[in-house]
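**Q** Before anything else, here's the structure in question.
Values in this text are rule-based calculations from the coordinates and carry no lab data. No experiment lies behind these values; they were computed from the predicted model shown. FYI the Cβ positions are ideal-geometry reconstructions off the backbone, even for glycines, and counts take in every protein chain you see.
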């Protein structure tokens with residue numbers, strides 16, 4: 001009797017999971033990007049987050065995303081892109097790519113989010129970002145060179161082009177393989193946004 005009850009519960013859970021996944025529909029929970037945009041690595045399934053450090057929704061999404069990143073399978077390539085929708089967003093995009101160039105993302109990414117949203121600090125321009133970098137142990141001269149480097153210039157311009165190509169109207173947004181776009185607004189919540197991403201990754205894996 002106990003075995004039968006356990007089997008029934010297991011089958012119910014499987015059925016529920018399948019039904020929940022099938023509830024995510026094109027045009028409702030995700031949208032198709034037309035034309036599809038190129039990815040960095042054609043041999044993997046690329047998942048991209050477009051974000052802005054000044055966005056409170058991006059800050060709220062970060063804990064969900066960090067947990068999801070821990071579960072990424074080998075065939076998925078995760079990429080972050082700082083959104084560049086106007087000039088005021090450029091300093092944060094530069095900060096992201098400067099940190100990437102110096103391999104000090106841990107000293108900039110979450111600290112910058114926390115400074116703005118947790119500590120209510122105005123860290124929106126080059127000087128205030130440089131001060132944050134220095135406060136987190138990054139050499140001031142190294143930071144200045146990276147922040148203003150041609151390589152970071154190029155990355156920021158590319159981020160702007162990709163943001164436009166993805167036809168994003170808000171952040172955070174998640175892009176799967178340059179073909180699909182979803183958000184918390186479309187999916188219903190931060191948790192559901194990542195479930196939609198997982199479903200789309202499975203779809204791409206089957207193609």
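**Q** Cα-Cα pairs above 20 Å in region 20-122: how many percent?
**A** Details: 2688 of 5253 pairs.
Cα-Cα pairs in region 20-122 separated by more than 20 Å: 51 percent.
**Q** Would you mind getting me the FRET efficiency between residue 144 and residue 103? Use the beta-carbon distance for r and R0 = 25 Å, nearest 0.05.
**A** The value I calculate is 0.90.
**Q** What is the percent of Cα-Cα separations in the chain that go past 22 Å?
**A** Value for the chain (Cα pairs over 22 Å): 54 percent.
**Q** Any chance you could give the angle, 0 to 90 degrees and rounded to 10, that helix 105-117 forms with the longest Cα principal axis of the chain?
**A** Roughly 90 degrees, rounded to the nearest 10.
**Q** Oh, and also: Starting with the fewest neighbours, write out 61, 124, 113 ranked by other beta-carbon atoms found within 10 Å of each beta-carbon.
**A** On the way: 61 24, 124 15, 113 20.
Least crowded to most crowded, the residues run 124, 113, 61.
**Q** Highest mean first, how do 196-203, 103-110 rank when packing is the count of other Cβ atoms within 10 Å averaged over residues?
**A** My ranking of the peptides, most packed first, is 196-203, 103-110.
**Q** A further question follows. With angles folded into 0 to 90 degrees, how steeply does helix 126-135 sit against the dominant principal axis of the chain? Use alpha carbons for both and round to 10.
**A** Relative to the chain, helix 126-135 is tipped by roughly 80 degrees.
**Q** Tell me the angle of helix 150-165 to the major Cα principal axis of the chain, expressed in degrees between 0 and 90 and rounded to the nearest ten.
**A** 40 degrees
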